[in-house]
Amino acid sequence: MKRRLFLLAPLLGACTELTTPRPPEPPLDLAGRVTANPTMAILDAAAADFAEGGARLLNRPAATALAVARLEWIGGEFRLGRRLARLPDSYMFATRRAVAEGREALGILPDATPEAAVSALVIASRALTRGDAGAIEVALASSIFVLPGARPVISRLTEPGAFPDAMLAITALRDEVARQVAELQVDHRMMVEGQIFGNSTTGLGPGTGY
């Protein structure tokens, strides 16, 4: 009987993997290209966004919106069943601080969900890239942003300030994921769209909608 259970264990594990819901695909804008490994592409892009504390984002509102959208998506991937859920909690906590930093910079409501923030920021980035005044006005009126009376969203996007927490958190996270893949500590298939790193019981906390 024990031998049968031993032989069945790999099959049961495979069945569990097949029945695990796939994480939603990220918007193509975040990776910047079609790729079988959007997670690594988004981490690479985010690390470049926030290099030198995000200095390259000054006076680039479309790029700033997209950079913070990437940050929001990365933060959401630490949730149960998502791609980064099995990484050590230290990376999650650092990313939580980075997400809060991005939200404060752009005036995003603390209880916005990652999905709502990513969607609104990607739409804003597209409108700003096109220079479509009407679309920009609609995008920046999204309910994820603070109520009227605060600093205008376009001003925040144009001069967002420094992102020291994002620079440190995303660089460290990108390097750790790349290291694990290079050293075969994770299955390459887990990095491909539709697969996951695994599960965790911790989230990013109620303060950021995670």
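The values are calculated or read from the model by the stated rules, or taken from the named source; none is laboratory data. The shown structure was predicted, so the numbers you read here are calculated from the model rather than taken from an experiment. Cβ: placed from backbone, ideal geometry, glycine included. Neighbour counts: every protein chain shown. Surface accessibility is based on the protein's heavy atoms, side chains included, excluding ligands, DNA and RNA. Shrake-Rupley method; radii C 1.70, N 1.55, O 1.52, S 1.80 Å.
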Practice prompt. State yes or no: is Thr39 farther than 22 Å from Thr158 by Cβ, modelled with pLDDT of 95 or more and either touching a Pro at 6+ places or on another chain (Cβ under 8 Å) or crowded, with 20+ Cβ neighbours inside 10 Å (or both)?
Written response: no
Worksheet item: Can you spot a residue in segment 118-137 that is closer than 21 Å to Arg174 by Cα and free of Cβ contacts under 8 Å to residues at least 60 places away in the same chain?
Response: no
Worksheet item: Across segment 113-141, what is the number of residues that are at negative phi and surrounded by fewer than 20 Cβ atoms within 10 Å (Cβ to Cβ)?
Response: 14
Discussion item. Looking for something at pLDDT below 95 and charged (D, E, K, R) - is there at least one such residue anywhere in segment 4-17?
Written reply: yes
Practice prompt. Evaluate the following for Ala85: is it at pLDDT below 95, open to solvent by less than 10 Å² (accessible area, probe 1.4 Å) and either within 14 Å of the chain's Cα centre (by Cα) or not hydroxyl-bearing (Ser, Thr, Tyr) (or both)?
Written response: yes
Item to complete: Could you tell me whether any residue of segment 198-205 is of a type outside the set (D, E, K, R), open to solvent by 40 Å² or more (accessible area, probe 1.4 Å) and at pLDDT 95 or above?
Response: no
Practice prompt. Filter segment 65-93 down to residues that are over 14 Å from Leu30 (Cβ atoms) and part of a helix (DSSP H, G or I), then give me how many there are.
Written response: 5
Worksheet entry | Selected residue (criterion: surrounded by the most Cβ atoms within 10 Å (Cβ to Cβ)) from residues of segment 43-69 that are within 14 Å of the chain's Cα centre (by Cα) and over 18 Å from Asp165 (Cβ atoms) | Ala65
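Can you report the number of residues in segment 138-158 which are free of Cβ contacts under 8 Å to residues at least 40 places away in the same chain, under 14 Å from Thr64 (Cβ atoms) and not small (Gly, Ala, Ser)?
3
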